[in-house]
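Here's the structure we're looking at; comments come further down.
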Amino acid sequence: MTDVTPDPHSAQQAFRDLLHAQRVWDVELPAFDPAVAPRTPLPLFHAWFAEAVAAGQAEPHTMTLATVDAEGHPDLRTLMLHDADDRGWHFATHATSAKGCQLAAHPHAALGFYWPAQGRQVRVRGPVTACTPAESRADLHVRSTGALASALVGRQSEVLGSYEELNRASDAAWERAQAEPEADVASWTRYVVEPREVEFFQGDARRRHIRLRYRRDGGGWERELLWP
């Protein structure tokens, strides 16, 4: 039998060819006039979110959360938005998870939304505050049985010994979630990113992208355009 060893150069070139063949925004992009944007960022976010849903954007409520670890190195993950109101942008996780521990040590974060169906991005930066235990419990119990079961499993970000161990813990958590829909998870915490900067990016096929940044200025907001 002939031993055929993959050619790493060919594999790398195949990857590059595939990568460079990809295109973005093969759809008609919406117009955005920053001159008529609202004075504050929240109404614009609500409007863009609704437009992303109407455009058929898959999972528009998912976002990237960026934090820093104990050494100051960046870390990120994708999770779901739970609300966006006058307080800020809300999400939830275990306080004992990696991101929970990072936020306890460095309570600042950045969020990123990407809605390619309309060539839009939204970035949010600011300090992070933990909501009250009552709000965290309410957040947990408004979600699905599967979400409660996942929270009951806990141990997020810990090293897993085997997949079988996860199966056993998950099965037990599902049974408990179904039997006790009001079960509490002490580590489950709702957080809110209090915005200091919010940027709205509207892509343009000719790369004349529009970037509108809101910056907190005392009790109000300043608006400014950025070069793409």
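The values are calculated or read from the model by the stated rules, or taken from the named source; none is laboratory data. Predicted model, so just to flag it, every value in this text is computed and none were measured. FYI the Cβ positions are ideal-geometry reconstructions off the backbone, even for glycines, and counts take in every protein chain you see. Heavy atoms of the whole protein, side chains included, go into the accessibility calculation; ligands, DNA and RNA do not. Shrake-Rupley method; radii C 1.70, N 1.55, O 1.52, S 1.80 Å.
Points to keep in mind about this one:
- Annotation note: Cβ proximity below 7 Å between a residue of the stretch 50-66 that is hydroxyl-bearing (S, T, Y) and a residue that is open to solvent by 30 Å² or more (accessible area, probe 1.4 Å) (sequence gap 6+ or interchain) occurs for T62/T78; T62/M80; T64/L76; T64/T78.
- Filtering T96, T78, T132 for residues that are of a type in the set (S, T, Y), without any contact (Cβ under 8 Å) to a residue 60 or more places away in the chain and either buried (at least 17 other Cβ atoms within 10 Å of the Cβ) or closer than 30 Å to V159 by Cβ (or both) leaves a single hit, T78.
- Residue that is nearest to P195 (Cα to Cα), among those in the stretch 26-39 that are surrounded by fewer than 14 Cβ atoms within 10 Å (Cβ to Cβ) and of a type outside the set (G, A, S): R39
- Options A58, A70; residue that is part of a loop (DSSP other than H, G, I, E, B) and at pLDDT below 95: A70
- Between L42, L19, the distinction of being assigned to a helix (DSSP H, G or I), surrounded by fewer than 14 Cβ atoms within 10 Å (Cβ to Cβ) and modelled with pLDDT of 95 or more belongs to L19 only.
- R207 being under 21 Å from the mean Cα position of the chain (by Cα), closer than 30 Å to L225 by Cα and open to solvent by 60 Å² or more (accessible area, probe 1.4 Å): no
- Verdict on D184 being open to solvent by 70 Å² or more (accessible area, probe 1.4 Å) and part of a helix (DSSP H, G or I): no
- Consider the stretch 145-178 and keep the residues that are open to solvent by 70 Å² or more (accessible area, probe 1.4 Å) and of a type in the set (S, T, N, Q). The one that is farthest from F91 (Cα to Cα) is Q178.
- Count of the stretch 187-207 residues which are in contact (Cβ under 8 Å) with a residue 40 or more places away in the chain and either assigned to a loop (DSSP other than H, G, I, E, B) or of a type in the set (F, W, Y) (or both): 11
- Qualifying residue in the stretch 101-123 (condition: charged (D, E, K, R), within 23 Å of A205 (Cβ to Cβ) and open to solvent by 40 Å² or more (accessible area, probe 1.4 Å)): yes
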